[in-house]
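The values are calculated or read from the model by the stated rules, or taken from the named source; none is laboratory data. None of the values given here were measured: they were computed from a predicted structure. Glycine also receives a Cβ, built like all others from the backbone with ideal geometry; neighbour counts cover every protein chain displayed. All accessible areas refer to the heavy atoms of the entire protein, side chains included, with ligands and DNA or RNA removed. Shrake-Rupley method; radii C 1.70, N 1.55, O 1.52, S 1.80 Å.
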Amino acid sequence: MPERKTVERARADKRHGKAASTQAGNFVKEEMDHIREGKHGAKNTKQAIAIGLSKARRAGVAVKPPGEGKASSGTRKKAERDIKAGSKKGSHASASKESTSKRSKTTTRTLKKEGHAAASKSSLSKQAHSAASKRSRSERSAAAKKGAATKGAAGRSAAAKKAARTRAANHAK
C-alpha cells in the first residue's frame, strides 16, 4: 500500500494538469525512499521503478502499459491487471486471482534479501541516461516543453535559476 502523502501528491499533480508519468513519479520516489531506508531492496533500478509504477497503476494513475516489444508479455499483462485493479473505485481489488497473503509475504521476503544499490544516485543516473538515450532529441525537447507548460511562473523561475547555477558550476570546472 502506498503512503497517504504519496497518493495526495499524485492527486495534486493530476489537479494541476500534469502528465500521468509525473503523477507516477511520486510512487517511484516513495519506492526509492523505501529502498534507501532499508525496508526492502531491489535487484536493479529498473525493478524498483517497475514496483513504483505498479503501485501507481493500482492507485488509479493512468499510466499506460508498456508497448509491444518494449517489455515481456507477462510484464504487459501485469500492468493491465494493475490498471484494472486501479479502476475499481472503493474496492481493494486484487491484481490477480492467486494474489494471497502467502504470496505477498514471499515477495516481501525476497525483496528484503536484495541489495540497496538500486536506489543509489549513480544507478538512478545511469538508468535515466540510458532511458533518455533511447529517445530522439525532438522527443526529449517536446517532453521538456510539455513539462514547462504545467510548471507555472514560480516553478519556471526556480528551474531557470537552478539551471543557471548548474551551468555556472559546470563552467567553473
The stretch 52-87, subset open to solvent by 40 Å² or more (accessible area, probe 1.4 Å) and within 20 Å of E8 (Cβ to Cβ), residue modelled with the lowest pLDDT: S87
Which ones in the stretch 109-124 are under 13 Å from E31 (Cα atoms) and among the polar types (S, T, N, Q)? S120
Please work out if A128 is on the phi < 0 side of the Ramachandran plot, in contact (Cβ under 8 Å) with a residue 12 or more places away in the chain and aliphatic (A, V, I, L, M). no
Exactly one condition in (1) over 24 Å from T107 (Cα atoms); (2) touching a residue at least 24 places away in the same chain (Cβ under 8 Å); (3) crowded, with 17+ Cβ neighbours inside 10 Å is false for A24; which is it? (1)
Look at the stretch 29-51 and say how many of its residues are more than 11 Å from P2 (Cβ to Cβ), open to solvent by less than 70 Å² (accessible area, probe 1.4 Å), under 13 Å from the mean Cα position of the chain (by Cα) and not acidic (D, E). 6
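Specify which of the listed residues (R135, R103, R109) is exposed (fewer than 11 other Cβ atoms within 10 Å of the Cβ), within 28 Å of R58 (Cβ to Cβ) and at pLDDT below 95. Before you say what the answer is, go through the steps one by one.
On the way: R135 fails: exposed (fewer than 11 other Cβ atoms within 10 Å of the Cβ); R103 fails: exposed (fewer than 11 other Cβ atoms within 10 Å of the Cβ).
So the residue among R135, R103, R109 that is exposed (fewer than 11 other Cβ atoms within 10 Å of the Cβ), within 28 Å of R58 (Cβ to Cβ) and at pLDDT below 95 is R109.
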Quick one: Q127 ticks every box in (1) at pLDDT 90 or above; (2) more than 19 Å from the chain's Cα centre (by Cα) bar one, so which box is it? (2)
Given the criteria out of contact with any helix residue (DSSP H, G or I) (no Cβ under 7 Å at 6 or more places or on another chain), open to solvent by 50 Å² or more (accessible area, probe 1.4 Å) and modelled with pLDDT under 90, does R167 qualify? no
Name the one entry in R140, R109 that is of a type in the set (D, E, K, R) and over 27 Å from A159 (Cβ atoms). R109
So G147 clears everything in (1) open to solvent by 60 Å² or more (accessible area, probe 1.4 Å); (2) under 26 Å from A79 (Cα atoms) except one condition, right? Which one? (1)
